[in-house]
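Undergrad: Okay, here's the structure, questions in a sec.
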Amino acid sequence: MESGNGITLMVIFGLAYLLIGESMLTQLLKLSGATKEVFFFAQQYAGIILVGMPFLIITNMMIDAIVNTILDPIFIFIFHWGIFEAALATILGQFLSFVIAIRYLWRFKTIHFEKTRIKLQLLLCRSYYIIH
């Protein structure tokens, strides 16, 4: 019952993410630095990618849930560990989902992981909010 509720919530939030993303796509692309030269292509690409977000959320959450479901009984009943270690099983599932998501982004070159690209630039953020 709880897992079904979780899947339903993932679908709802995935659809909300899709709708919000589509409705704010222009602003999001400007905020992420899309230039005039690539804006049309970025808008087209991101618009399609957003349709897949509900599936991405479910997949990542399912990986987390599967790992947790496997590790919890192992940690508790086989290793005779306690609540702390059961919580570690949850974190390991979340970490694995994170690693898979990062690997996906890295493999398909969706985000370039360079120090200069991920550094927060307050002046740039400020200029987007004031000018646009």
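Undergrad: For residues in the range 71-84 being open to solvent by less than 50 Å² (accessible area, probe 1.4 Å) and in a helix (DSSP H, G or I), which is farthest from Leu29 (Cα to Cα)?
TA: Only one residue tops the list, namely Phe75.
Undergrad: Can Phe55 be described as in a helix (DSSP H, G or I), touching a residue at least 40 places away in the same chain (Cβ under 8 Å) and either surrounded by 11 or more Cβ atoms within 10 Å (Cβ to Cβ) or in contact with a strand residue (DSSP E or B) (Cβ under 8 Å, 6 or more places away or on another chain) (or both)?
TA: So Phe55 fits the description; yes.
Undergrad: Just one of (1) loosely packed, with under 12 Cβ neighbours inside 10 Å; (2) without any contact (Cβ under 8 Å) to a residue 12 or more places away in the chain trips up Gln27, so point out which.
TA: The failed condition is (2).
Undergrad: May I pose another question? Residues to consider are Thr116, Thr110, Thr90; find the one that is modelled with pLDDT of 80 or more and of a type in the set (S, T, N, Q).
TA: Thr90
Undergrad: Go through (1) farther than 30 Å from Leu122 by Cα; (2) not in a helix (DSSP H, G or I) for Asn68 and report which single condition fails.
TA: Every listed condition holds for Asn68 apart from (2).
The values are calculated or read from the model by the stated rules, or taken from the named source; none is laboratory data. Everything numeric in this text was worked out from a predicted model, so none of it was measured. When we count neighbours, we look across all protein chains shown, and the Cβ atoms used for this are built from the backbone with ideal geometry, even at glycine. The protein model used for the area step is the full one, side chains on, heavy atoms only, and it has no ligands, DNA or RNA in it. Shrake-Rupley method; radii C 1.70, N 1.55, O 1.52, S 1.80 Å.
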